[in-house]
Amino acid sequence: MAAKKSSKQKVERVPTVLRKGDTVMVIAGGNKAKRAIKGQVAKIRAITGAKGDRVILEGLNVFTRNKRASRPGEEGGKVQVEKSVHISNVMYYVEKLKKPVRLCKSTSADGKRVRGYKDPSSKKFVALDA
């Protein structure tokens, strides 16, 4: 007799160095319904999804939904909703360089792990969480 499969399977989270509040640039996607968001810069409002693989960006990818009044006394109408973008379509944006960079982790002199990026011109590690 075959073993019964569990209905709840463990979902593995996507490893990422990005955090809530980081400034990112959209590097791909977002061309539906004439909403081109590629190349725009925004802050991460939240990291969502079962795997943690989607981000909600402030002021980008905004759609209008029609909301019905669910109770008496509650108003219905049009509501602005920020939709999520896949985390692979955004990169950390450095204001000083005016371009997106790939984040990495390194160990500082005192043994702590810090986030940062390699400066494209000097190839030196620049720490963000110092």
At 1.4 Å probe radius, can you tell me the per residue accessible area of the chain in Å²? 76
Using a 1.4 Å probe and counting only protein heavy atoms, arrange 122, 84 so the residue with the most accessible area comes first. 122, 84
With Rg from the Cα atoms and Rh as the Kirkwood inverse mean 1/r over Cα pairs, the chain has an Rg/Rh of 1.12
Relative contact order for the chain: what percent, with Cα pairs under 8 Å and sequence separation of 6 or more? 18
Quick one: 3J(HN,Hα) in Hz for the range 112-125, Karplus 6.51/-1.76/1.60 with θ = phi - 60°, rounded, Gly and Pro as x. 8, 8, 10, 7, x, 8, 8, 5, x, 7, 9, 6, 9, 6
Solvent accessible area, Å² - residue 12, 1.4 Å probe, full protein context: 150
Would you kindly find the accessible area of residue 110, with a 1.4 Å probe and non-protein molecules such as ligands, DNA and RNA excluded, rounding to the nearest 10 Å²? 110
For residue 57, residues with placed amide H under 5 Å, excluding near neighbours: 45, 85
Residues whose placed amide H lies under 5 Å from that of residue 22, excluding near-sequence neighbours: 44
Largest-first ordering by accessible area, 1.4 Å probe, given options 55, 62: 62, 55
What are the ³J(HN,Hα) values, in whole Hz, obtained from phi via the Karplus relation 6.51 cos²θ - 1.76 cosθ + 1.60 with θ = phi - 60°, for each residue of the range 44-50 in sequence order, with x given for Gly and Pro? 7, 8, 7, 10, 10, x, 4
What ³J(HN,Hα) values, in whole Hz, does the Karplus curve 6.51 cos²θ - 1.76 cosθ + 1.60 give for the range 92-98 when θ = phi - 60°, with x put for Gly and Pro? 4, 10, 9, 5, 5, 8, 6
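The values are calculated or read from the model by the stated rules, or taken from the named source; none is laboratory data. Values in this document were obtained by computation on a predicted structure and should not be read as measured data. Areas reflect the complete protein model, heavy atoms only, side chains present, ligands, DNA and RNA absent. Shrake-Rupley method; radii C 1.70, N 1.55, O 1.52, S 1.80 Å.
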